[in-house]
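A short write-up of the structure that comes next.
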Amino acid sequence: CLQHLRGPKAGCGTVTSGGTESVMLSVKTARDYARKHRPHITAPTMLVPESAHACFHKAAHYLGVELIPIAIDPVTMRASMEDMVAKLSAQTILLVGSAPSYAHGVIDPIVEMGELAMERGLLLHVDACIGGWVLPFQRQNGVALADFDFQVPGVSSISVDLHKYAFAPKGISVLLQRDRALRDAQYYACASWSGYSIINSTMLGSKSLAPMAAAWAILKRIGKAGYRDLVAQMWTATQALVAGISSTDGLRVLGTPSMGLVALSAGEGDIFVLADRLSARGWHVQPTYAFGNSPAHLHFSVDPQNAKGIDRLIQDIKTEAVDLPKLEPAPEGLVQLVEAMTSSEANPEATLDAGAIMAEFGIVDGRLPAQQATIHRLLNSSSPSARERLLALFVGEMFSR
């Protein structure tokens, strides 16, 4: 993995259980490295684009590092360097960029971020969990890409998942560090108890060797030539999908994807009705709600298997995008009701009847209705905090039966 991401000779890495753990360890590294080298920092912050994966928010929640959101450009969907520079402070310990972002498949301005990190003496983590295995093969296949890996001097760490586009089974990711001093800050040791001394390289105290062995076998079996061929198939299908969407009235692709992650916007059309129509034709699409400068959209992940049906998908998109109704906000009264029901501040002692709420949405025995546009419109109109509480209620209800 270090060789694949053009790491230095002094580079090192750790196998983790997944991208979330890799990212959390990168934040833990930055926090503990700052405690040693910048002890004056008492309230550490990290600058994270609003398109970065939610696991950075989870890391902030668990590790006590404040997340400062960075705007993305509404056209390119890349992180705004102007906003990042403006939000730097004496408490900043970490810059974050994606290669690429999950939602839009675009690579953040990693070169510029690296220059900023070098200038200010900061760490820069590149979240390449979804693209770190694919993008180097695309480069080898002749696709022009901006530098995002260890060739950028300011990059201090990179996360890359093998259980995504290296096609290994779930449960294996890698966190790569530029040098050992960074990796040492990642470790946790404890001798302050009556048992054996503990040293953990990851968040988990115990982990299975099975995913690592399976990943090793798969990497060897597919080989570099095999990966280049699979990546070429996905890229050809992605380009066809982007062209098909772009040539359809009322539709557009958000940003310019650098790999097989495509965000489809319907402009003023009801994107959630389009999702229902495509689902009825047998496609699994991912409705995504508006946030910051990113409008509501449908997300597509291209892999070697569904790449074979890309022509049919394009035709179905073109057919079902005809006569889309206008996307209207959910009724204000209903949104206010949801906000009130899910507000812990309004009634922190209240116990909500999760089953009754789900029934109102047409969710019975944990099964979503065939037509889900109404639910998506309501959630799209609600605040992120209300969505989060509803998600917690939904999962809690699911696992209480």
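Note on R367 and R139: the extension gain reaches 77.8 nm, defined as 0.36 nm multiplied by sequence separation minus the Cα-Cα distance.
Scaled against the 2.2 N^0.38 Å expected of a compact globular protein of N residues, the Cα radius of gyration of region 259-401 reads 1.16. Report for the chain the percent antiparallel among DSSP-assigned beta bridges with both residues inside it, nearest 5. Beta bridges within the chain, antiparallel portion: roughly 60 percent.
Assuming 0.36 nm per residue, please report the length gained on full extension of the stretch S192 to R228 beyond their Cα-Cα distance. Between S192 and R228, full extension yields an extra 8.0 nm.
Suppose we flag GluC sites (Glu not before Pro) only when DSSP calls them loop and at most 13 other Cβ atoms lie within 10 Å. Which is the longest uninterrupted stretch of the chain? In the chain, the maximal stretch lacking such sites is 1-267.
For region 256-386, the solvent-accessible area works out to 52 Å² per residue, with a probe of 1.4 Å and every protein chain left in place. Checking (i) 0.97; (ii) 1.05; (iii) 1.03 against Rg/Rh (Cα atoms, Kirkwood Rh) calculated from these atoms, the matching label is (i).
For the chain, the tally of Lys pairs with Cα-Cα distances below 17 Å comes to 6, considering only residues 8 or more apart or on different chains. The chymotrypsin sites (Phe, Trp or Tyr not before Pro) of region 184-272 meeting both criteria, a DSSP state outside H, G, I, E and B (loop) and at most 15 other C-beta atoms within 10 angstrom of the site's C-beta, are Y187, W193, Y196. From helices alone, the chain scores -12500 deg cm²/dmol at 222 nm; the rule is -39500 (n - 2.57) for each run of n ≥ 4 DSSP H residues, then divide by the residue total.
The values are calculated or read from the model by the stated rules, or taken from the named source; none is laboratory data. This structure is a prediction, so every number in the text was calculated from the model and none was measured. Positions of Cβ are generated from backbone atoms using ideal geometry, with glycine treated the same way; all protein chains shown enter the neighbour counts. Side chains included, ligands, DNA and RNA excluded: accessible areas come from the protein's heavy atoms. Shrake-Rupley method; radii C 1.70, N 1.55, O 1.52, S 1.80 Å.
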